[in-house]
Amino acid sequence: MNRKPVTKPLDFLLIAILVIASVAIMVTSTATEPGAQAVVYVGGEKTMIVPLDVYARYEVEGKKGLCTFIVDEYGICMIQSPCPHHFCIQQGYINMSGQSIVCVPNEITIRVIHSENSSIDGITG
């Protein structure tokens with residue numbers, strides 16, 4: 001009994017193209033936008049502006065206690081919070097303009113924006 005092969009030679013080419021495209025999308029989506037900053041709000045009031053191109057560890061006092069967040073090559077993320085469910089920590093890294101991390105019980109919001117002197121003022125598509 002002759003069985004035909006399940007895969008054809010062009011199938012491997014298609015798989016290779018899909019793998020390369022997936023890797024390219026992952027690399028570009030984890031890169032922090034040039035000129036991006038994070039604005040930290042506590043109780044609705046702006047308390048600090050953090051550049052996302054300077055790797056550092058920050059602490060901010062909220063309603064329930066101290067929150068700690070870091071900035072590194074992936075962006076900014078909350079790593080410690082006194083809130084009960086830690087949804088703010090589970091949100092992970094943010095690095096694109098408009099993204100935010102919110103700790104509702106502690107009334108802390110971190111939002112990524114572009115700096116005022118950025119050369120890009122809009123993207124249309």
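Out of Val19, Val60, Val40, which single residue is at pLDDT 75 or above, surrounded by 10 or more Cβ atoms within 10 Å (Cβ to Cβ) and in a helix (DSSP H, G or I)? Lay out the reasoning, then the answer.
Numbers: Val60 fails: in a helix (DSSP H, G or I); Val40 fails: in a helix (DSSP H, G or I).
Only one candidate qualifies: Val19.
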Scan of the range 22-32 for residues that are out of contact with any Asp or Glu (no Cβ under 9 Å at 6 or more places or on another chain) and at pLDDT below 70, ordered by number: Met26, Val27, Thr28, Ser29
Hits in the range 101-121 (condition: modelled with pLDDT of 90 or more and exposed (fewer than 15 other Cβ atoms within 10 Å of the Cβ)): Val104
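Mind listing whichever residues of the range 91-106 are under 16 Å from the mean Cα position of the chain (by Cα) and assigned to a loop (DSSP other than H, G, I, E, B)? Step through it out loud before you land on a result.
If we filter the range 91-106 for residues that are under 16 Å from the mean Cα position of the chain (by Cα), which is where we start, we get 91-103.
Within the range 91-106, Gln91, Gly92, Tyr93, Asn95, Met96, Ser97, Gly98, Gln99 qualify.
Which members of the range 43-55 meet the condition of being surrounded by fewer than 11 Cβ atoms within 10 Å (Cβ to Cβ) and either of a type in the set (A, V, I, L, M, F, W, C) or within 19 Å of the chain's Cα centre (by Cα) (or both)?
Going through the range 43-55, the residues surrounded by fewer than 11 Cβ atoms within 10 Å (Cβ to Cβ) turn out to be 44-45, 54-55.
The answer is Val54, Tyr55.
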Any hit, the range 68-82, residues being under 18 Å from the mean Cα position of the chain (by Cα) and touching a residue at least 60 places away in the same chain (Cβ under 8 Å): no
Which listed residue, of Cys67, Cys77, Cys88, is farther than 16 Å from Lys46 by Cα and either in a strand (DSSP E or B) or touching a helix residue (DSSP H, G or I) at 6+ places or on another chain (Cβ under 9 Å) (or both): Cys77
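The values are calculated or read from the model by the stated rules, or taken from the named source; none is laboratory data. Every value quoted in this text rests on a predicted model; they were computed, and no experiment measured them. Reconstructed Cβ throughout: ideal geometry from the backbone, glycine too, with neighbour counts over all protein chains shown.
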